[in-house]
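Visitor: Structure in structure tokens, see below.
The values are calculated or read from the model by the stated rules, or taken from the named source; none is laboratory data. What you are looking at is a predicted structure, and each value in this text was computed from that prediction instead of being measured. Glycine gets a Cβ as well: all are built from the backbone with ideal geometry, and neighbour counts include every protein chain shown.
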Amino acid sequence: MNDEQKLVEKLQSRSFCGVIFDFDGTVIDIKEPLKRAIEEAFAEYGIKDDIGQTIREIGSVIESVQG
């Protein structure tokens with residue numbers, strides 16, 4: 001069983017009273033995981049685009065949602 005499966009199993013075995021969304025990276029720095037996810041998606045779909053620009057655009061959307 002890999003780490004992801006262990007995490008899913010652990011999460012499914014508990015009930016939650018709340019969820020914290022950390023969109024601005026205050027609690028957890030998501031820059032590297034976000035970059036890897038975008039790279040994987042681009043590779044899977046054959047997208048040849050500027051990953052840095054995509055990350056900036058995502059950041060811009062998050063800022064506008066936060067107000």
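Visitor: Take the residues of the stretch 52-64 that are under 13 Å from Leu34 (Cα atoms) and of a type in the set (Gly, Ala, Ser): which is surrounded by the fewest Cβ atoms within 10 Å (Cβ to Cβ)?
Guide: Gly52
Visitor: State yes or no: is Asp49 surrounded by 10 or more Cβ atoms within 10 Å (Cβ to Cβ), among the charged types (D, E, K, R) and not in a helix (DSSP H, G or I)?
Guide: no
Visitor: Between a first residue in the stretch 24-42 that is under 13 Å from Thr54 (Cβ atoms) and a second residue that is surrounded by 13 or more Cβ atoms within 10 Å (Cβ to Cβ), which pairs have beta carbons less than 6 Å apart while being 6 or more apart in sequence or on different chains?
Guide: Close Cβ pairs satisfying both conditions: Ile38/Ile51; Ile38/Thr54.
Visitor: Is it the case that the stretch 1-21 has a residue that's surrounded by 10 or more Cβ atoms within 10 Å (Cβ to Cβ) and in contact (Cβ under 8 Å) with a residue 12 or more places away in the chain?
Guide: No: zero hits.
Visitor: Suppose we keep only residues that are exposed (fewer than 12 other Cβ atoms within 10 Å of the Cβ) and in a loop (DSSP other than H, G, I, E, B) within the stretch 22-46. Which one would you say is farthest from the chain's Cα centre (by Cα)?
Guide: Gly46
Visitor: Here's a check for you: in the stretch 47-58, which residue that is under 15 Å from the mean Cα position of the chain (by Cα) and among the aliphatic types (A, V, I, L, M) is modelled with the highest pLDDT?
Guide: So the residue we want is Ile51.
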